[in-house]
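Novice: Just passing along the structure, written as structure tokens.
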Amino acid sequence: MNHQPHPTRHHGRRRYRYVEMTLAPDPDATPYTVHATCATCGEQSPVPEPTETITGMHHQAQRWCTSHAARDHPDGRHLRYTATVTLHWHITPHDDIGPAAPAGW
């Protein structure tokens, strides 16, 4: 690991420096979630168990889509779906860059 000072740049009154950072799964969150949404009515597949693998979540969402499409809806069959995969990441700076903002953006 290089312990030399980082170069800085001056832009007007602001001072910037390069800081190495590591991006990894957030240790305080479920690493990922997969769910499906019906494009016709907006209903969503159940929230998967956090212990389920990403492949298991994917299959669970697909099964929900086929089950939802098989239902007899008053307006006809619901045949269009979207899948959403959410990854939760955390960045760790290698140098002190100040306090972290509170969560909740």
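Novice: Modelled label-to-label distance, residue 28 and residue 53, 7 Å Cα→beta-carbon offset: nm?
Specialist: Placing both labels 7 Å beyond Cα along the Cβ direction yields 3.0 nm.
Novice: For every helix of n ≥ 4 consecutive DSSP H residues, a contribution of -39,500 (n - 2.57) applies; sum these over the chain, divide by its total residues, and give [θ] at 222 nm rounded to the nearest 500 deg cm²/dmol. Show your work: numbers first, answer last.
Specialist: Values: 1 runs with 17 residues, N = 105.
It comes out at -5500 deg cm²/dmol, rounded to the nearest 500.
Novice: Next up: Leaving out ligands, DNA and RNA but keeping every protein chain, what accessible area does residue 38 have, in Å² rounded to the nearest 10, with a 1.4 Å probe?
Specialist: Spelled out: residue 38, probe radius 1.4 Å, area about 0 Å².
Novice: Excluding ligands, DNA and RNA, what is the solvent-accessible area per residue of the chain at a probe of 1.4 Å, expressed in Å²? Before the final figure, lay out the partial values.
Specialist: Numbers: 8710 Å² over 105 residues.
Heavy-atom accessible area per residue stands at 83 Å².
Novice: Now, a different point. Give me the angle, in degrees from 0 to 90, between the Cα long axis of helix 54-70 and the longest principal axis of the Cα atoms of the chain, rounded to the nearest 10.
Specialist: Roughly 30 degrees, rounded to the nearest 10.
Novice: Just how large is the dipole of the chain about the Cα centre, in debye to the nearest 20, putting +1 at every Lys and Arg Cβ and -1 at every Asp and Glu Cβ? Working shown, then result.
Specialist: Details: 9 positive and 10 negative charges, 121 e Å.
It works out to roughly 580 debye.
Novice: Now a separate question. Kirkwood hydrodynamic radius (Cα pairs, Å) of the range 36-105? Working shown, then result.
Specialist: On the way: mean 1/r = 0.0667 Å⁻¹.
Computed over Cα pairs of the range 36-105, the Kirkwood hydrodynamic radius comes out at 15.0 Å.
The values are calculated or read from the model by the stated rules, or taken from the named source; none is laboratory data. None of these values were measured; they are calculated from a predicted model. Neighbour counts run over all protein chains shown; Cβ positions are idealised from the backbone, glycine included. We work out accessible area using only protein heavy atoms, side chains counted, and drop any ligands, DNA or RNA first. Shrake-Rupley method; radii C 1.70, N 1.55, O 1.52, S 1.80 Å.
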